[in-house]
Structures are given as structure tokens and as C-alpha cells.
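Peer 1: Submitted below is the structure of interest, expressed as C-alpha cells.
What follows draws every value from the coordinates through simple rules; no lab data is involved. These figures come from a predicted structure and were not determined experimentally. Quick reminder, even Gly has a Cβ in these numbers, built from the backbone with ideal geometry, and neighbours come from all protein chains shown.
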Amino acid sequence: MKCALIVLFVFVASAAAISNHWGERSTNIIWMKNDHKIYLNTVYAVPVRGFQISRDVKFPEVVHKYSQNITYIEAIDNFRNSSGGTPIILSGGPRFNYVHLRIVSQLNYGLNFTIKIYGK
């Protein structure tokens, strides 16, 4: 009985991590990926008691008219329990050449997200 409770707790804790993805990875006829990773960053913030923490991710820093179009965005929560944050796209995203993401933590918790952006 105790073992079953531990297994159930581990399953619920790993399922509670909030990771999001937007768009689709593009493929060609041979099932190889056409797009490639154009941005990779880890967003980390230590917890502050009594506060929610938010971090903004802007890609690219300066938008050019010849910038690559974004095909897929992945925000991976590196916390494997229920203390992670929530990623939100504020503007841009897939089919655009820019994106503005905001990641908001839960009250009294920090952030640890890996952001991957693919484009072509």
C-alpha cells in the first residue's frame, strides 16, 4: 500500500509540470525535419516569498524584415513538480518572424524553463 502511494505521488508530481508548445515542426516527404533550432535559452529565477515572478523572452531582440519565420515554440518546465510557472505568448509566434513570451511563476515559487524556437 505504501509503495502504491509513492508511485501515485511521483506520477502526479511529474504530470503537474506545465510545459507548452505552439506550432508544428515542419517535415518534408522523407520525414526529415525542414526547420532548425534558431533560439535556445534557459530562463531561471529564484523564488521570492510573497511574490509571483515573471520573465519576458523576446526573440529576436531586433526584428528585421528578412528574419526567419518561426514554425515551432517549445517552453519546457524543468521543475518536475507542481511548483513551475505558466508560459504565455503575448505577441507573434508561429508563422511570424518574432515572438514575445511571458513566463509567470506561482506564488512563492521560482522559474526554471528551457525555451526552444525553431524556424525556417
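Peer 1: Report the local net charge at R102: Lys and Arg +1, Asp and Glu -1, summed over other residues whose C-beta lies under 15 Å from its C-beta.
Peer 2: Details: positive: R55, K58; negative: D56, D77.
Taking every Cβ under 15 Å from that of R102, the sum is 0.
Peer 1: Rank the residues I53, I117 as a footprinting-exposure proxy: fewest other Cβ atoms within 10 Å of their Cβ go first.
Peer 2: Placing the least packed residue first, the sequence is I53, I117.
Peer 1: What does the charge count near T114 come to, summing +1 for each Lys or Arg and -1 for each Asp or Glu among other residues with Cβ under 11 Å from its Cβ?
Peer 2: Once positives and negatives cancel, what remains is -1.
Peer 1: Can you put H21, H36 in order of Cβ neighbours within 10 angstrom, beginning with the fewest?
Peer 2: Going from sparsest to densest Cβ surroundings: H36, H21.
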